Amino acid sequence: MKKILSVYSLYYEDIVTRMTKLAYKEFPKKYFKVHKMEAPGSFEIPLIISKHIKNYDAVLALGCIIKGETPHFDYISKASIDSLMKLSLKYNKPIGNGIITCLNKKQAIKRSKIKGQEAAKAVIKVLYNFSKYS
């Protein structure tokens, strides 16, 4: 049984809730135990992961960042995603990047229907070296 940490953002909760429900379906209870933790926003996800990653086999990060009228979107998106990669390499553990970065809410709703599942599937593939539940 593999232990998965899922850290998800409460910002744009309606969008992220859809992502989490679909993503968690990819982890059969026979093979995976998913522990869920909340983050206020996507920017805080990497810090929460860094505090707990040693206790898990893999991580799933789920969040949503939507572009506004200022460059804030660019800074938060880059910092969050770069930090996920650095954590994955530092701890040699897969982190599924399910933080969607969108230009508007309509685009976010559309992407939320697939991105969580894609991130979960990526975690499983990397965790098992591309063979299903070996």
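No lab work stands behind these numbers, since they all come straight from the coordinates. Note that the structure is a prediction, hence the values are computed from the model and not measured. Using ideal geometry, Cβ is built from the backbone for each residue, glycine included, and neighbour counts are taken over all protein chains shown.
A few points about this structure:
- If R0 equals 22 Å, the separation of the Cβ atoms of residue 121 and residue 51 corresponds to a calculated FRET efficiency of about 0.30.
- For residue 60, the amide hydrogen comes within under 5 Å of the amide hydrogens of 5, 6, 7, 96, counting only partners 5 or more places away or on other chains and with H modelled in the peptide plane.
- Full extension of the chain between residue 74 and residue 92 gives 3.8 nm of extra length, using 0.36 nm per residue less the Cα-Cα distance.
- Assuming charge only on the beta carbon of Lys and Arg (+1) and of Asp and Glu (-1), the dipole of segment 1-61 about its Cα centre is about 440 debye to the nearest 20.
- Debye, to nearest 20: dipole size of the chain, +1 on Lys, Arg Cβ, -1 on Asp, Glu Cβ: 640
- Relative contact order for the chain: 31 percent, from Cα pairs under 8 Å spaced at least 6 residues apart, divided by residue count.
- Checking (1) 54; (2) 66; (3) 59 against the coordinates, the calculated percent of Cα pairs over 17 Å apart falls under label (1).
- Residue-averaged [θ]222 nm for the chain, counting only DSSP H segments that reach four residues, each worth -39500 (n - 2.57): -14000 deg cm²/dmol
- Residue 106-residue 10 FRET efficiency (beta carbon distance; Förster radius 22 Å; 0.05 resolution): 0.60
- For q = 0.14 Å⁻¹, Debye-computed log10 I/I(0) when each Cα of segment 1-51 counts as one equal scatterer: -0.37
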